[in-house]
Amino acid sequence: MPKSLTLRRRCGLWTVISRSHDASWQRLGLIREKSALRTESKGERRTRGKAQGAGREDGLYRTDEVDEQIIAALRKNGRVANRDLARDMGVNEATVRTRLRRLEDANMLRVVAMRDLAAMGFEYLAPVGVQVKGRSVADVGADIAKIERVITVNVAIGTHDLEVQVVAESLDEMQHLLTSVIAKIEGVERLFPSLALRVFKYNPEWAPL
């Protein structure tokens, strides 16, 4: 190699550098000019910050304003496209896609089809307390949960071992479910049913995922 040429290693790359007579350095190889380096604009930093989200603190995912906006929009229309969400919220589509993935991974959100009980013909809703004997509460609860007309099953602390909710299209069907189906399950000692005459609030937006 001529004496006028020098090899210099920078960032793991060997670069050929030529030194002129006036001692100035002219870069001939792979060194990038600073002006060619990509810099983030303020808008890009804001977008990146929105995409990162509030994250997890103390093992729990903390939602922020952007997350709550996405959740509120999906409550109104679960089939809305990500690009439409992004346009309405003033963020890019990648932000919406990233936030949705993180909410789903944290079990904070799941988009599913919901059935309207009244529209499906289920006019009767009965909260039922279940007293268990001779068998584990968990096993009895698992068997009750297999019944299609049972929509919730909870292990309870109090006067009942289990609390369940049952829906039916008619009073005859409700009676059959209580006396001939649930009451016949092994371990069910006694039922404490009541019938909801009027439902003031039934919020399907909150559920354990």
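Read-outs throughout are calculated quantities, based only on the coordinates presented, and are distinct from any laboratory measurement. Computed from a prediction, not measured in an experiment: that's the story for all the values here. Ideal geometry is used to build each Cβ from the backbone, glycine not excepted, and the neighbour counts take in all protein chains shown.
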What nm value, rounded to one decimal, do you get for the distance between GLN131 and ILE151 when each label is placed 7 Å out toward the C-beta?
2.8
I need the GluC sites (Glu not before Pro) found in region 136-200, filtered to DSSP loop residues with at most 16 other beta carbons within 10 Å of theirs.
GLU148, GLU169, GLU186
Those trypsin sites (Lys or Arg not before Pro) from region 66-105 that are DSSP loop and have at most 11 other Cβ neighbours within 10 Å turn out to be ARG79
